[in-house]
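S.K.: Just dropping this structure here.
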Amino acid sequence: MSDFTLKPLTPDLWSEVAGLIHHSTNAWYRKHGFADVFQGPELDCQLFCEVYEQLDPGCCLIAIDQQSGRLAGSCFYHPRSSHISLGIMNVHPDYFQRGVGSRILRQVVDLADRENKPMRLISSAMNLDSFSLYNRAGFRPRMVFQDMLMAVPATGLEVQTPRAERVRPATMEDVPAMFELEREVVGIERLRDLRYFVENENGYWHVVVIESTGGGLGGFLVSIAHPAIRLMGPGIMRNEQDAVALIEAQLRVHRGYPVVWLVPCQCDHVIRTMYSWGATNCELHLGQSRGAWFEPAGIVMPTFMPETG
Ligand SMILES: CC(C)(COP(=O)(O)OP(=O)(O)OC[C@H]1O[C@@H](n2cnc3c(N)ncnc32)[C@H](O)[C@@H]1OP(=O)(O)O)[C@@H](O)C(=O)NCCC(=O)NCCS
């Protein structure tokens, strides 16, 4: 049986890791009777290397089969002052259930333990393999999200949302208030990420904010529009009405395309409104933590690109 060497990802292996993410994810979903998650070319998945290297240089571990030299697995992780998040994690199907995932995860968990930080991740509720991997390492489910999907008409949605007039694109001046809001509602800190979304150097990101009637920010919602993925999130809101207004603004950004976003399953008003707009459920995800957990004091809409919260 082969052994594996763990080492940080270097740029010369980006395209190989992109191929691994594409193949491993699609193979798992296909094997379990679901459609491919990544429907474009393998190189689209280089998005993960690009964005995560910009946000967290050097924070991807890869596993190499010592016997064959093949790439067997990869895992992106995101150290923040308040926590460490796990980003996308993949093992090549030829190496499934041979301990590669556990070996890589152990190294990140050890880092979190040394730094005495809680860990956070979002994982599919349909995937017993990833659930078991994380569960054995000490992660526990804390929240359930439904992934809502809509093919947004090219002409846009014909809806009129209360509070829409208080939604506007974010500017760099909003970033400190976004940071404070996220800290207050979710108990995490990720200033660099919020700045990165609003700066939008690579042109994929769209950020909208909603102003509170009493002044200050009531919420924000980010989305990414990239050939590999169209997702809304991360988003933080104080109440469901503001969440609906922000989602409606983001749906306008994605006119003519299918887009997915995660809604906490207990958000009755958001969910009913999304159904009335024609959204359907395409998956369920679990918000998990290892170690301390902060019960959200508002609405949280997480994402898996980038999975830094
Ligand atoms: C999820 C995935 C990363 C797991 O990787 P893997 O290398 O096959 O996992 P491992 O062999 O290390 O097994 C993980 C652990 O789960 C345990 N396990 C597996 N099935 C289990 C079950 N049904 N019940 C309890 N434990 C189980 C294994 O024993 C192992 O624990 P241990 O190392 O402490 O003994 C892999 O299936 C994959 O890449 N899937 C496609 C992409 C994906 O789903 N990524 C994760 C979401 S981002």
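Just so it is clear, none of the values below were taken in a lab; they were calculated from the coordinates. Because the structure is predicted, anything quoted here is derived from the model rather than measured. Every residue, glycine as well, gets a Cβ built from its backbone with ideal geometry; the counts of neighbours run over all protein chains shown.
Okay, residues lined up against (1) closer than 25 Å to residue 282 by Cβ; (2) of a type in the set (Ser, Thr, Tyr):
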{"site": "6", "(1), (2)": "no, no"}
{"site": "45", "(1), (2)": "yes, no"}
{"site": "61", "(1), (2)": "no, no"}
{"site": "77", "(1), (2)": "no, yes"}
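S.K.: For residue 105, state whether it is within 19 Å of the chain's Cα centre (by Cα) and either of a type in the set (A, V, I, L, M, F, W, C) or under 20 Å from residue 287 (Cβ atoms) (or both). Break it down stepwise before answering.
M.R.: Working: within 19 Å of the chain's Cα centre (by Cα): yes; either of a type in the set (A, V, I, L, M, F, W, C) or under 20 Å from residue 287 (Cβ atoms) (or both): yes.
Taking the combined requirement at face value, the residue satisfies it.
S.K.: Let me ask you something else. Can you find a residue in the range 267-283 that is more than 16 Å from the ligand (Cβ to nearest atom), more than 23 Å from residue 210 (Cβ to Cβ) and either surrounded by fewer than 23 Cβ atoms within 10 Å (Cβ to Cβ) or not polar (S, T, N, Q) (or both)?
M.R.: Residues of the range 267-283 more than 16 Å from the ligand (Cβ to nearest atom): 267-281.
If we keep only those that are more than 23 Å from residue 210 (Cβ to Cβ) too, we end up with 280-281.
Next, only the ones that are either surrounded by fewer than 23 Cβ atoms within 10 Å (Cβ to Cβ) or not polar (S, T, N, Q) (or both) stay: 280-281.
Yes, the conditions are met somewhere in the range 267-283.
S.K.: Does residue 43 satisfy the condition of being within 15 Å of the ligand (Cβ to nearest atom) and among the aliphatic types (A, V, I, L, M)? Spell out the reasoning first.
M.R.: Values: within 15 Å of the ligand (Cβ to nearest atom): no; among the aliphatic types (A, V, I, L, M): yes.
The answer is no for residue 43.
S.K.: For the range 104-133, give me each residue that is of a type outside the set (Ser, Thr, Tyr), within 11 Å of the ligand (Cβ to nearest atom), part of a helix (DSSP H, G or I) and touching a strand residue (DSSP E or B) at 6+ places or on another chain (Cβ under 6 Å).
M.R.: 104
S.K.: Still on this structure: Does the range 265-274 include one or more residues that are touching a strand residue (DSSP E or B) at 6+ places or on another chain (Cβ under 6 Å) and closer than 18 Å to residue 121 by Cβ?
M.R.: Checked the range 265-274: at least one residue is touching a strand residue (DSSP E or B) at 6+ places or on another chain (Cβ under 6 Å) and closer than 18 Å to residue 121 by Cβ.
S.K.: Now for a different question. Answer yes or no: is there a residue in the range 158-165 that is closer than 20 Å to residue 267 by Cβ, surrounded by 15 or more Cβ atoms within 10 Å (Cβ to Cβ) and of a type in the set (Gly, Ala, Ser).
M.R.: Yes.
S.K.: Out of the residues in the range 114-156 meeting the condition of being over 19 Å from the mean Cα position of the chain (by Cα) and hydroxyl-bearing (Ser, Thr, Tyr), tell me which one is surrounded by the fewest Cβ atoms within 10 Å (Cβ to Cβ).
M.R.: 155
S.K.: Residue by residue through the range 1-40, note down the ones that are within 15 Å of the ligand (Cβ to nearest atom), touching a residue at least 12 places away in the same chain (Cβ under 8 Å) and aliphatic (A, V, I, L, M).
M.R.: 1, 6, 17, 18, 20, 21, 27, 37
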